[in-house]
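One structure is given below, encoded as structure tokens.
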Amino acid sequence: MPSSRKDFLSILDYSREELQGFIDLCLEQKPLARKFELEPTHPGRVLACIFHKPSLRTRISFEVAIRQLGGTSLYLTDKEIGIGSREAPKDVGAVLSRYVDAIMIRTFAQQMVAELAANAPVPVINGLTDLLHPCQIMADVCTIVERFGTIEGKKVVFIGDGNNVARSWLNAAARFPFSLVLSSPDGFQIEDSYLEKVGNPDYSWIEDPREAVEGADVVYTDVWASMGQEEEAEKRKKAFQPYQVNDDLMKLAKKDSLFLHCLPAHRGDEVTDSVIDGPHSVVYEEAENRMHIQRAILCKLMPKNIK
Ligand code: CP
Ligand code: NVA
């Protein structure tokens, strides 16, 4: 892997072929991992996992993935490190790299992750920022490829906030040949300034969720207020009420459409129980795939054990 791309900070940092390489390895390793037949290719390697926000999936899937490769992990919160307050991100990146073989970080500012990565010789992986959630969308693409055989030509409709998950979907649309529709209230779209950075994906914004979801292969949603937006939750709940993914909305998608949600879900808000527990939903498969794709990313970014 070229050193300029030692990290996994954004889907946009990689070409379609390289992203496909992660997906192929993910799908190749998944059945082996399920049967405990995966070769422990990275014995003794240590992954530092830094969390400034809560997590179930990201933490556990990374910690288990590195163990499946023969390595181990460290869970670090901001209480210990104080990135940006006790110590500059660049110093944290440089020092941690002397102890560990890769760093996964979940935090608020993408800039902090970039600064840490710029000064860390070891790979740095973005486990979610306010801007992006690239590992999530890689798992989502794997889930779609598993179910449909390909994402090519599919219509993915994201119903909800133009947030970190939506922006990473946009990045995926800039690399893979599928069409992405975002349906949100006016004012909650992906920012024009971000759209300009992404190039020319097959992307559109449609305010009316019923119009947007017409003929969808994949219907996706996420919470209306992301971590860090808790004080806006009530205001957002009102604005997003017409954007609930329920049975009436799902009926407008294709018969064999998939329902995906990155989780955690606020059942009864952005999605009804009947949809998330219903026949279209693949949310638990999607959650499992976080572990398989992240293991593939670790495998490709971390040098194998040198004896
Ligand atoms: N989807 C996801 O990232 O879940 P966690 O917040 O639980 O890690
Ligand atoms: N948009 C959500 C995703 C959680 C996995 C958040 O940032 O809280």
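Computed FRET efficiency, Cβ-Cβ of Thr77 and Lys255, R0 45 Å: what is it to the nearest 0.05? E between Thr77 and Lys255, to the nearest 0.05, is 0.50. The relative contact order of segment 155-246 comes to 37 percent, based on Cα pairs under 8 Å that sit 6 or more residues apart.
Holding the Cα-Cα limit at 31 Å, pick out from Lys237/Lys300; Lys90/Lys197; Lys155/Lys304; Lys90/Lys154 the pairs that are longer than that. Listed pairs above 31 Å: Lys237/Lys300; Lys155/Lys304; Lys90/Lys154. Note on the chain: with a GNM built from Cα contacts shorter than 10 Å, the maximum mean-square fluctuation among Val181, Val95, Val145 falls on Val95.
Could you work out how much longer the chain between Tyr284 and Glu214 gets when fully extended? Use 0.36 nm per residue separation minus the Cα distance between them, nm to one decimal.
Values: separation 70, 0.36 × 70 = 25.20 nm, distance 2.47 nm.
Stretched out fully, the Tyr284 to Glu214 stretch lengthens by 22.7 nm.
Using alpha carbon centroids, what distance separates segment 147-209 and segment 124-139, in Å? Result: 15 Å between the Cα centres. Taking the charge dipole of segment 7-97 about its Cα centre, with +1 at Lys and Arg Cβ atoms and -1 at Asp and Glu Cβ atoms, the residue from Tyr75, Gly93, Val46 reaching farthest to the positive side is Tyr75. When segment 109-198 is described by a simple charge dipole with +1 on each Lys and Arg Cβ and -1 on each Asp and Glu Cβ, the residue from Asn119, Ala173, His133 located farthest towards its positive end is Ala173. Specify the residue with the greatest mean-square fluctuation among Trp205, Trp224, Trp169, computed from a Gaussian network of the chain linking alpha-carbon atoms under 10 Å apart. Looking only at Trp205, Trp224, Trp169, the largest GNM fluctuation is found for Trp205. In this simple spin-label approximation, Asp13 and Glu196 carry label points 7 Å from Cα along the Cα→Cβ vector, and these lie 2.4 nm apart. Hydrodynamic analysis of segment 239-293 uses the Kirkwood radius over alpha carbon pairs. Inserted into Stokes-Einstein at 10 °C and 1.306 mPa s, it gives a translational diffusion coefficient of 134 µm²/s.
Once R0 is set to 30 Å, what does the formula 1/(1 + (r/R0)^6) return for the Cβ-Cβ distance between Arg267 and Ser204, expressed as a FRET efficiency to the nearest 0.05?
Values: r = 29 Å, r/R0 = 0.95.
After rounding, the FRET efficiency stands at 0.55.
Convex hull volume of the C-alpha atoms in the chain, normalised per residue: 127 Å³. The distance separating the Cα centre of segment 1-79 from that of segment 212-241 comes to 28 Å. Rounded to the nearest 20, the Cβ-based charge dipole of the chain about its Cα centre (Lys and Arg +1, Asp and Glu -1) stands at 1220 debye.
Result for the chain in a Gaussian network model with C-alpha springs under 10 Å: among Arg34, Arg147, Arg59, the largest mean-square fluctuation is at Arg34. Net charge dipole, segment 34-171: roughly 260 debye, given to the nearest 20, about the Cα centre with Cβ charges of +1 for Lys and Arg and -1 for Asp and Glu.
Throughout, read-outs are computed from the coordinates displayed, never taken from laboratory work. Quick caveat, the model's predicted, so the values are computed rather than measured. Reconstructed Cβ throughout: ideal geometry from the backbone, glycine too, with neighbour counts over all protein chains shown.
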